[in-house]
Amino acid sequence: MAEILCPECGKSNTDELETCRFCQAPLKPIDDALPDWLGDLQHSEPEQPTETSSTGEVGGLEADLFGVTSDSDLPDWLRQSATPPKSEIHAPPAPASTDPTEETPDWLAALSSLPEPKALPPSKVPAQGSAVPAEKLPDWLANLGEAQNPDIPLEEPPPVPFDGVETPDWLTSLDNVPTDKPVEVVPAFTFNEEEDAELLVGGEDQPLSTLPDWASQITSEQTEVLPPEPIEPGLVPEELPGWLIAMRPVESVAPTAPLEDLSGTDVVSAGPLIGLRGVLSAEPDALKSRKPVSYSLKLHVTDDQRSRLVLMEELLASELTPKPLPAQPVLTPQNIFRLGIALALFLPVLFMMIRQSLSVPLPSMETLPGVQDFYNELVDVAPETPVLLAIDYEAGFTGEMEVGARAVVEQLARQQAYLVLMSTNTTGPALAERLLTEIAIAPGKPYPNAVNLGYLPGGALGLAELVLSPRQSLPYTLNAIDPWVLPSLTSINTLSDFSLVIVMTNDAETARAWIEQTSPALQANGVSLLLVTSSQAEPLVIPYTSGALPQVQGLLAGLPGSVLLEHRTGVASNGSGMWDAFSLSLTISALMILIGSVSGVVITALKEGKPETKKQPGRKSEPKQEQS
Amino acid sequence: MKKALSIGNALIAIAAGVLVLLGYLLPELLGTLRTLLVQWAVILAAFALLLGIINLVMVHGKRLTTPKASLNKLYSAVLLLSLILTILLVGIATPTSFWSVWLVSTFQVPVEASLLAVLAVVLVYSASRLLSRRLHWTSLLFLGTVVLVLLGMAPLLFIGEVPILSSLRQWLASVPALAGARGLLLGVALGAIATGLRILMGVDRPYGD
Amino acid sequence: MNLEQLSQWADPIGAVIGFVLTLMVLSYVIGDNFLFRIAIHIFIGVASGYAAVIIFYNIFWNQVILPLLLVFLQGAPSGLLVSLAHILPVLLLGGWMLTKASPRLARLGTPVLAFLVGVGAATVIGGALFGTLIPQVAATAGVLDLDAAPDDTGKLVGWFISSIFILVGTVTTLSYFQFGVRPHIEGAIPTRHPFFESMATIGQGFIAITLGVFFAGVLAAALVALVDRARFLWQVIQSIFL
């Protein structure tokens, strides 16, 4: 089977198809589908232009073509063309037709090759005098009627030269060409006589019945295609002037290459623009079934990208491996300064301990009013009455806390109070045991009126349970003895049943938990709560000691209070031995803070006042501290 | 399922907390229940402390099993060894025996006290550098108070008690420091109540989902 | 060597060990070092071990095992049942909470932790309300209580001024922690009301003084520890070398 290549998309189709199966463009040339008259027009060779008489005929033909009946109705260009100069008419476009190298405008060739208009059939020729009076007809139209009468010879109208207008050469050349044969007018449209008859007789249903009269009068006379006249030697092809080229109809212009290559574009297969390329299709792209474009999965990596990738991988790998820190010098300025402070503090203190100095006087009771209240509550404890001692300080604070704790325990032991020791701290039981060994009568003879209940977990939760039921919260001692059956403790059911509660703690939060959980019940039952605290907890406990109904009836804070109580109770303790060294360390610390602060401010002020000669480019100075 | 468990946990916390709180307000009606719940909570707090110790052992035990040799392995080994020996010694001898007290006095007291002694050096160093880092009227007031309290806390060597210093120290502690501490305590109490109420309403869930 | 003889050597041995440990920790003034870390890890091990044994003795032995043993020895089944009914639920809850030690089973122990947190929160609320908030507000309100005023006129003026100072200080300290701001124009920095801003500034001063007293107290406690260590070192040197 023969194959045809589609003129639009270039794909092969079978011979039988009329439209391309890919782009729906017509496969066969348009010529085959055209009507005969249009096809004849396309295939007809350019003929010599008609003579003057035929000009009138041309003018008349034009008048017939456009249905013009009077001279006033003629457009200007047609009026002018009605009486053209002879030279223009008679000169055939020889140079254009004979020289194959030169481009002869098609319209001009067509003009020169117009055949003689065929004589209209008698039925079509309007009767003279029937429609328009003769005196009203223009000459060319009248001549046209005479020309149709073969007996009347055609007269050439006299040439009317243009006044003051230079005749172009091509037109002159056209005049010089003798025309022996009358120029035959080529009708614009040619019809088959048979078709004409059918159309003219018939037909309201026929499409051609809608044609205007002038078109229907055109006969299907076939004009003889005259061979082109040979060009006489000596004729030089003339170059067309610019204005003429500009006047050239678009259709006759030689097709130039399109601005863009439309061969790759789709052909419109639907809508009024069917068959065209490079236009927006009436069909939405979504409806077009097209095979999706396949993209390659292979990643195209350039060398530059590959090198960057290697760099990134090295960077990520180096993130996982710990980098060795640069060796820090052991003695930095900060370390030296800190060592200096340590030596400045430690050496004088060691010196005072070696000297065993006791020259610093003890603080007065007026400066520590809480100590007197504490002492007063302590001495009010009756013998054999249970006193709860909570040993809640850390092992590191034994140096400060044991001074006061020992003084308290010693004093209570003197008064034969029954001591019940417990702790909410895991180290508390051991520290409580240390205290009890201090009040031992002799080695191996512990103080009989004391019991160590051990550790109470839970913090505030444990204290809440202790307030409600000490028996349930601490049922046995660490030695597996039931203390609540002892005579001194049989009456104890709640915390308020104790005669005194003394809490020894270094932590302000522990003190606050004790006060919050136990003071409401103790206050309600008139039981005093005394606190032995470190210096660091004193500021947060003082609010509980003031007011109309203080929650803490006595406060012993820090070494000053403990030493004072020690002195007040007459208990021999380590406190006095530490007092001188403590006083000296306080003074040295205060002086170092003063000197360090002043020197720091002065140095900072001097640094800021210095001109910034070594300032790095683009480095900003530190922002000023905001005033809150 | 996860959401149901989360809501269930929140309901448990809310129910337990509300019952204890109502026990405060209605002791005759809910006092016994409150006591029971608090007792259970105290014992569970001990379990929580035990859980912390178990976690400590697991962490340092895992460090021992790492193939890479480092000083951290030695530290973990020292910790675990001292822990095991302490458990053995105190467990056999009971916590209040001579050897238990000796253990605490020999190892715990010196190390903790020494740490506190080093803290003194660090505190003096940081106080002396404060003004050079931040010159502000509150810093000046802070340092001035520190110096006055330190000087007024004890009589001075070779000088004795300076009345103005000791009076000033006493006034500072009993008036402005009292006011500030009371304000802080009130703020802490309000914050504790707000945090507790948020837990009892299920808004905060520190126990996890 | 029996235990008694051993106990006689315990004190000197303990002193030497304490001496060495003290020096190892004091070496931190130069910087973090190997000796310091060893001393710290020994301390953590001993403290944790002691805490573990204390918990066993005080909780498991004293509150669980011992009561059951005593009731069992008394031969009263009803009492045993009551004790079991009292103890078993909490033992089960405690065992349930121990699942938190395992990363895979940690979620199982959350309900028990929720119970603990709920009871703890309620206890803290009760303590904060009845133990601090109400009494301290009453104390602040009663700071100008004339019944507590001194009789002496000279002291009365000082008392009055101090009371005003305390009242103003308490209120301004509280207002410092008030961070509510007024509705502001878009783009402008939100600020408090000028009255609250001035009160907060005054409160800042009182807080600075309070923290200064607090800092001085911490420093004093640390200095006592330093003096105590110095004394201990000298005593050991004296007893061993002198």
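The values are calculated or read from the model by the stated rules, or taken from the named source; none is laboratory data. Values in this document were obtained by computation on a predicted structure and should not be read as measured data. For neighbour counting, all protein chains shown are included, and Cβ atoms are generated from backbone atoms with ideal geometry for every residue, glycine included.
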I'd like the full set of residues that are surrounded by fewer than 22 Cβ atoms within 10 Å (Cβ to Cβ), under 30 Å from C:D11 (Cβ atoms) and among the hydroxyl-bearing types (S, T, Y), limited to the stretch B:106-138. B:T106
Please verify whether B:L172 is facing chain A (nearest Cβ under 7 Å), on the phi < 0 side of the Ramachandran plot and modelled with pLDDT under 95, treating the condition exactly as stated. no
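Would you check which residues across the stretch B:74-86 are surrounded by 19 or more Cβ atoms within 10 Å (Cβ to Cβ) and closer than 23 Å to A:N425 by Cβ and list them? I'd like the intermediate steps shown before the answer.
We begin by selecting, within the stretch B:74-86, every residue surrounded by 19 or more Cβ atoms within 10 Å (Cβ to Cβ); these are B:75-76, B:78-80, B:82-83, B:86.
Passing the criteria: B:L79, B:S82, B:L83, B:T86.
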Taking C:G14 as meeting all but one of (1) more than 11 Å from chain B (Cβ to nearest Cβ); (2) in a helix (DSSP H, G or I); (3) more than 30 Å from B:L44 (Cα to Cα), write down the number of the exception. (1)
I need the full set of residues from the stretch B:116-146 which are free of Cβ contacts under 8 Å to residues at least 24 places away in the same chain, facing another protein chain (nearest Cβ under 7 Å), closer than 18 Å to A:L586 by Cβ and hydroxyl-bearing (S, T, Y), in order please. B:Y125, B:S128
Kindly indicate whether any position in the stretch C:93-116 is farther than 30 Å from C:G169 by Cα and within 10 Å of chain A (Cβ to nearest Cβ). yes
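For every residue, the table says whether it meets (1) in contact with a helix residue (DSSP H, G or I) (Cβ under 7 Å, 6 or more places away or on another chain); (2) buried (at least 19 other Cβ atoms within 10 Å of the Cβ); (3) acidic (D, E).
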position	(1), (2), (3)
C:A39	yes, yes, no
C:A47	yes, yes, no
C:N62	no, yes, no
C:V82	no, no, no
C:H86	no, no, no
C:L98	yes, no, no
C:R104	no, no, no
Looking only at the stretch A:328-346, and only at residues there that are farther than 18 Å from B:S114 by Cα and at pLDDT 85 or above, the one that is farthest from the other protein chains (Cβ to nearest Cβ): A:I336
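For (1) within 18 Å of A:I542 (Cβ to Cβ); (2) part of a helix (DSSP H, G or I); (3) among the aliphatic types (A, V, I, L, M), each residue gets a yes or a no:
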residue	(1), (2), (3)
B:W102	no, yes, no
B:S126	no, yes, no
B:S132	no, yes, no
B:L150	yes, yes, yes
B:L172	yes, yes, yes
B:L178	yes, yes, yes
B:G183	yes, yes, no
Count of the stretch B:145-195 residues which are farther than 22 Å from C:S163 by Cβ and among the aromatic types (F, W, Y): 1
Can you pull out the residues in the stretch A:1-42 that are at pLDDT below 65, surrounded by 12 or more Cβ atoms within 10 Å (Cβ to Cβ) and not in a helix (DSSP H, G or I)? A:L34
So, in the stretch B:1-10, how many residues would count as being more than 8 Å from chain C (Cβ to nearest Cβ) and in contact (Cβ under 8 Å) with a residue 40 or more places away in the chain? 2
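Return the residues of the stretch A:559-602 that are hydrophobic (A, V, I, L, M, F, W, C) and more than 7 Å from every other protein chain (Cβ to nearest Cβ); say none if nothing qualifies.
The initial filter retains those residues of the stretch A:559-602 that are hydrophobic (A, V, I, L, M, F, W, C), namely A:559, A:563-565, A:571-572, A:578-579, A:581-582, A:584, A:586, A:588, A:590-595, A:598, A:601-602.
Across the stretch A:559-602, the qualifying residues are A:V563, A:L564, A:L565, A:V571, A:A572, A:W579, A:I588, A:L591, A:I595, A:V598, A:V602.
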Out of A:V387, A:V403, A:V379, sole residue that is aliphatic (A, V, I, L, M), surrounded by fewer than 22 Cβ atoms within 10 Å (Cβ to Cβ), at pLDDT 90 or above and within 30 Å of A:A450 (Cα to Cα): A:V379
Residue by residue through the stretch A:458-478, note down the ones that are at negative phi and not in a helix (DSSP H, G or I). A:S469, A:L474, A:P475, A:Y476, A:T477, A:L478
Out of A:Q551, A:Q536, A:Q517, which single residue is farther than 23 Å from A:V409 by Cα and polar (S, T, N, Q)? A:Q517
Scanning the stretch A:297-354 residue by residue, those among the aliphatic types (A, V, I, L, M), assigned to a loop (DSSP other than H, G, I, E, B) and under 16 Å from C:V29 (Cβ atoms) turn out to be A:V330, A:L331
In the stretch B:183-209, what residues are more than 7 Å from chain C (Cβ to nearest Cβ) and over 15 Å from C:G127 (Cβ atoms)? B:R198, B:M201, B:G202, B:V203, B:D204, B:R205, B:D209
If the requirement is being at the interface with another protein chain (Cβ under 8 Å from one of its Cβ atoms) and either within 12 Å of C:V119 (Cβ to Cβ) or not acidic (D, E) (or both), which of these qualifies: B:V59, B:V38? B:V38
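Could we say that A:P475 is more than 10 Å from chain B (Cβ to nearest Cβ), surrounded by 15 or more Cβ atoms within 10 Å (Cβ to Cβ) and of a type outside the set (V, I, T) here?
Working: more than 10 Å from chain B (Cβ to nearest Cβ): yes; surrounded by 15 or more Cβ atoms within 10 Å (Cβ to Cβ): yes; of a type outside the set (V, I, T): yes.
Yes; evaluated as a whole, the condition is true for this residue.
Quick one: how many residues across the stretch A:437-467 are in contact with a strand residue (DSSP E or B) (Cβ under 7 Å, 6 or more places away or on another chain) and either surrounded by fewer than 20 Cβ atoms within 10 Å (Cβ to Cβ) or more than 11 Å from chain B (Cβ to nearest Cβ) (or both)?
Going through the stretch A:437-467 one residue at a time, the tally reaches 2.
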Looking at the structure I just gave you, is A:Q523 without any contact (Cβ under 8 Å) to a residue 40 or more places away in the chain and not in a loop (DSSP other than H, G, I, E, B)? yes
Give just the number: which of (1) β-branched (V, I, T); (2) within 30 Å of C:I87 (Cα to Cα); (3) more than 12 Å from chain A (Cβ to nearest Cβ) does B:T66 not satisfy? (2)
Being surrounded by fewer than 21 Cβ atoms within 10 Å (Cβ to Cβ) and either charged (D, E, K, R) or at pLDDT 95 or above (or both), is that true of even one residue in the stretch B:152-162? yes
With the first residue restricted to the stretch B:147-168 and required to be within 14 Å of chain C (Cβ to nearest Cβ), and the second required to be modelled with pLDDT of 90 or more and in a strand (DSSP E or B), Cβ contacts under 8 Å at 6 or more apart or on different chains are none
In this structure, is A:L556 more than 13 Å from chain C (Cβ to nearest Cβ), in a strand (DSSP E or B) and surrounded by fewer than 24 Cβ atoms within 10 Å (Cβ to Cβ)? no
